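First the structure, in the form of structure tokens, and then the observations on it.
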Amino acid sequence: MISVIVPTIHHTELVKQCIHSFINSVHDLPYELIVVDDGSPPHIQQNLADWAAPLNVHVIAKPSNEGFSRSVNLGIQHSQGEFVLLVNNDVVFHEPGWLHHMLMTMHSSADIGIVGARLLYPNLTIQHGGVVPTHKGHFDHRFRGQAADFPPALAVEDLNAVTGALMLVRRQLFAQIGLLSEEYFIAFEDVDFCYRAKQQGIRVVYCGTACALHLEGYTRGTNKNNKNRYWRQKEMEARKKFWMKWGGSNVR
């Protein structure tokens, strides 16, 4: 079984779109759906609960905002699947077979613990083709802005990191390296998780044959002009913590 974990805050329609697109694109695999709300106002949490009940979607409503990592970890702790699929609430599944491609990649070798996917903007250019460090101390996505069928982005290959926006994880990896690090309130937790896996000899693989849409920034914004100042501050704190931890590492 695949446990699908969707963390969210302050949104209902994005979550509903994400979950319905998952249900409509995955028909022959066993799964459970878990939505973790990170302290939204009560009327939003009630809306999600009312919508989720007939769909057999489990909603975990947290009383306060504790951060992305803690929300994901809570969902993992309530899940039962052999594999855990982390999904941002602004991901939309528009193609059949995407999950089969990710699972085939995972099953291709016992030393693969994390599998990422090719993510597209709504205009069908590439949003994510793997995560790479930049010269400014940030991380960016490979092939950003290229056409959806850009040949290098269709490869299946080992990388140091993939985004947590759509990440398939073998459950036993959590027992081996732990859950997402809660020292990061938001941002860098996915790269940190991948680096920790690599440190233990576990492979991180980008699966370019699996594809979904990512409406990047719909929850938190995309730049300093449209991003909540509190979240922007938390992202900068996470960046500092990450490089203090990994700056001298050979994982990169």
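The values are calculated or read from the model by the stated rules, or taken from the named source; none is laboratory data. Owing to the predicted nature of the structure, the values given are computational and were not obtained by experimental measurement. Positions of Cβ are generated from backbone atoms using ideal geometry, with glycine treated the same way; all protein chains shown enter the neighbour counts. Please note that ligands, DNA and RNA were not included when accessible areas were found on the heavy atoms of the full protein model with its side chains. Shrake-Rupley method; radii C 1.70, N 1.55, O 1.52, S 1.80 Å.
Quick notes on this structure:
- Residue selected from segment 129-176 under the condition in a helix (DSSP H, G or I) and under 18 Å from L74 (Cβ atoms), by the criterion most open to solvent (accessible area, probe 1.4 Å): A175
- Top-ranked residue of segment 20-44 - restricted to ones that are touching a helix residue (DSSP H, G or I) at 6+ places or on another chain (Cβ under 7 Å) and not in a loop (DSSP other than H, G, I, E, B), ranked as surrounded by the fewest Cβ atoms within 10 Å (Cβ to Cβ): S25
- Pick from segment 152-198, criterion among the small types (G, A, S) and closer than 22 Å to N65 by Cβ, ranking: farthest from the chain's Cα centre (by Cα): S181
- Test set (1) charged (D, E, K, R); (2) touching a strand residue (DSSP E or B) at 6+ places or on another chain (Cβ under 6 Å); (3) open to solvent by less than 30 Å² (accessible area, probe 1.4 Å) - D192 fails condition number: (2)
- Test set (1) out of contact with any strand residue (DSSP E or B) (no Cβ under 7 Å at 6 or more places or on another chain); (2) open to solvent by 10 Å² or more (accessible area, probe 1.4 Å); (3) touching a residue at least 60 places away in the same chain (Cβ under 8 Å); (4) more than 28 Å from L124 (Cβ to Cβ) - H11 fails condition number: (4)
- Within segment 228-252, considering residues that are assigned to a loop (DSSP other than H, G, I, E, B) and open to solvent by 70 Å² or more (accessible area, probe 1.4 Å), the one modelled with the lowest pLDDT: R252
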